[in-house]
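What follows is a short report on a single structure.
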Amino acid sequence: MTLLRVPAPTVTNHFSLLTSHFLPGEPKASPSCGAPILVLDLGVQDFTAGGIHALHAAFASSGDEEFDRRIRELLADWGVTASPELIAEMIVTALRMGRDAVPVADLKMINRSLKELRAASKVFAPYQGVRKVAVFGSARTAPTAPEFLAAERFASSMRNQGYMIVTGGGDGIMGAAQRGAGREHSFGLNIRLPFEQRANEIIDGDPKLVNFNYFFTRKLNFLKESHALALFPGGFGTMDEGFECLTLMQTGKARIIPMVLIDEPGGNYWKTWINFLQDHLLKEGLVSPDDFHLFSVTDDVEAAVHEIVKFYRNFHSYRWVGDQLVFRLQHQLTDKAITRLNEEFADLFERRPLAVTNPLKAEKNEPDILHLQRLTCGPHRRNFGRMRQLIDAMNEAETVDR
């Protein structure tokens, strides 16, 4: 099994090989078809790793006490009990747009976007405790193509690890992934286009198929709901989705998750892409060497599966609370392991190194994961490729129970 990871310090066309054993999953529940779904305590889903939770949740007054009273009365009559302050503020925002005489085209776009986000949220809500991997790739790939078969095998293997698959719902690579995962383990985020895109036969008619009018609402849901990303060869859309995910992780606007670029066996689609990044972006100083740790490349399906599964071997999640970064781990690290991590990643810690702590007050809205070990630190908020290395090191570090 080989995994091709781009080494950070070089700009040459060189790839290191990682050979390792496949990590078995621990499925906790199975649907009627018998294939496992790994149900976990994942806590509150926040793809920004704390940024959304940091936003205020208090009702911003309309400026008129009588209107505020009527809005609260409306919420009570409607039976709104969850986050009424935020719903009230959304009503006030809508009213202000009416007063501002926002152009009708803008109002239609905002309204439709909100409706699309609501529909997708309802579809994903029952599956918040299940990890998911988003699969990107061309809608034009033929069923006989090697990359089509690789996508089908990849999705089947991820399903066997307890993951669900999220694709764009179309044909080609997307249809292959959903064929491999099966209908019950699939989500489709379809985009309405005047040509080419239609729901594939696996997901067509399934309640887990969501139709979008806008690419930006669709892409938001891909990243918001997924715990890993797999990219197969594709066109402009695949490049767009891949670069956006990389940009959000590189800038800290989205949490770090595994991102694997998968070629057909012996293929060089992604190797050629990396040559471009190295020969132009890196050499010209447009990206940093550590950014290359945010993704990996392989032409081996099992290596791609291993890369994703091992990311969650001990690491669970992280969350920013003010200037503190809180890592949540499934197994407690030894004191010796923590000391070693502080020495190895001293360059990452701007204010304070890793230290064991109890759950912070701000984390109490995630009661399902309060039992996990916490390590807090005060890192620089500009090198997230280096942070990915720290997470990998945590997964390899010695724990109390092993």
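Which value, in Å² rounded to 10, gives the accessible area of E396 with a 1.4 Å probe and all protein chains present?
Counting only protein heavy atoms, E396 exposes about 120 Å² to solvent.
Which of rounded, prolate, oblate describes segment 89-142, given a ≥ b ≥ c as roots of the alpha-carbon gyration tensor eigenvalues and a/c under 1.5 marking rounded, otherwise prolate only if a/b is larger than b/c? Spell out each step's value before the answer.
On the way: a/c = 4.81, a/b = 1.78, b/c = 2.70.
The shape class here is oblate.
With a 1.4 Å probe and all protein chains kept in place, how much accessible area does L229 have, in Å² rounded to the nearest 10?
0 Å²
Among H227, Y269, S186, whose Cα projects farthest towards the positive end of the dipole of segment 186-288, with charges put on the beta-carbon of Lys, Arg (+1) and Asp, Glu (-1)?
H227
For segment 222-379, what is the accessible area per residue in Å², given a 1.4 Å probe and the full set of protein chains?
It amounts to 39 Å² per residue over segment 222-379.
Can you tell me the alpha carbon radius of gyration of segment 234-387 divided by the globular rule-of-thumb value 2.2 N^0.38 Å? List each step's numbers first, then the result.
Numbers: Rg = 17.5 Å, N = 154, 2.2 N^0.38 = 14.9 Å.
Taking the Cα Rg and dividing by 2.2 N^0.38 Å, one obtains 1.18.
May I ask for the Kirkwood hydrodynamic radius of segment 191-275, worked out over all distinct Cα pairs and given in angstroms to one decimal?
Values: mean 1/r = 0.0682 Å⁻¹.
It is 14.7 Å.
Where the centroid of each part is defined by its Cα atoms, how far is segment 357-373 from segment 155-170 in Å?
30 Å
Taking springs between alpha-carbon atoms closer than 10 angstrom, which of D291, D64, D335 fluctuates most in the Gaussian network model of the chain?
With Cα springs under 10 Å in the chain, the top fluctuation among D291, D64, D335 is at D64.
According to a simple spin-label model (label point 7 Å from Cα along Cα-to-Cβ), what is the distance in nm between L95 and E66?
1.1 nm
Could you sort R198, R96, R313 by accessible area so the largest value comes first, with the probe set to 1.4 Å?
Working: R198 140, R96 110, R313 70 Å².
Sorted descending by solvent-accessible area, the residues read R198, R96, R313.
What figure in square angstrom, to the nearest 10, would you give for the accessible area of E398 with a 1.4 Å probe?
E398 exposes around 90 Å² with every protein chain in place.
If the chain between E343 and L55 were fully stretched, how many nm would it gain, using 0.36 nm times the residue separation less the Cα-Cα distance?
Details: separation 288, 0.36 × 288 = 103.68 nm, distance 3.39 nm.
The E343-L55 span can extend by a further 100.3 nm.
Where does the chain land at 222 nm, in deg cm²/dmol rounded to the nearest 500, when only DSSP H runs of n ≥ 4 count, each adding -39500 (n - 2.57), divided by all residues?
On the way: 11 runs with 143 residues, N = 402.
Using -39500 (n - 2.57) per qualifying helix, the result is -11500 deg cm²/dmol.
How large are Rg and Dmax for segment 330-402 when calculated on the C-alpha trace, in angstrom?
Looking at segment 330-402, its Cα Rg and Dmax stand at 12.7, 33 Å.
For each pair in K336/K361; K122/K253; K108/K208; K219/K253, compute the distance between the two Cα atoms and list the pairs where it is over 22 Å. Intermediate results must be reported in sequence, preceding the final value.
Working: K336/K361 27 Å; K122/K253 24 Å; K108/K208 25 Å; K219/K253 14 Å.
Exceeds cut-off: K336/K361; K122/K253; K108/K208.
Taking the Cα centre of the chain as the origin, how large is its charge dipole in debye, to the nearest 20, when only Lys and Arg (+1) and Asp and Glu (-1) carry charge on their Cβ atoms? Write down the numbers at each step before the final one.
Working: 45 positive and 49 negative charges, 79 e Å.
For this selection, approximately 380 debye.
Probe radius 1.4 Å, ligands and nucleic acids ignored: give me the carbon and sulfur share of the accessible area of segment 358-402 as a rounded percent.
Values: 1030 of 2150 Å².
Carbon-and-sulfur percentage of accessible area, whole number: 48.
The values are calculated or read from the model by the stated rules, or taken from the named source; none is laboratory data. As the structure is a computational prediction, the values presented were derived from the model and not from experiment. Cβ atoms come from the backbone with ideal geometry, glycine included; neighbour counts cover every protein chain shown. Heads up: the accessible areas ignore ligands, DNA and RNA and are worked out on the full protein's heavy atoms, side chains in. Shrake-Rupley method; radii C 1.70, N 1.55, O 1.52, S 1.80 Å.
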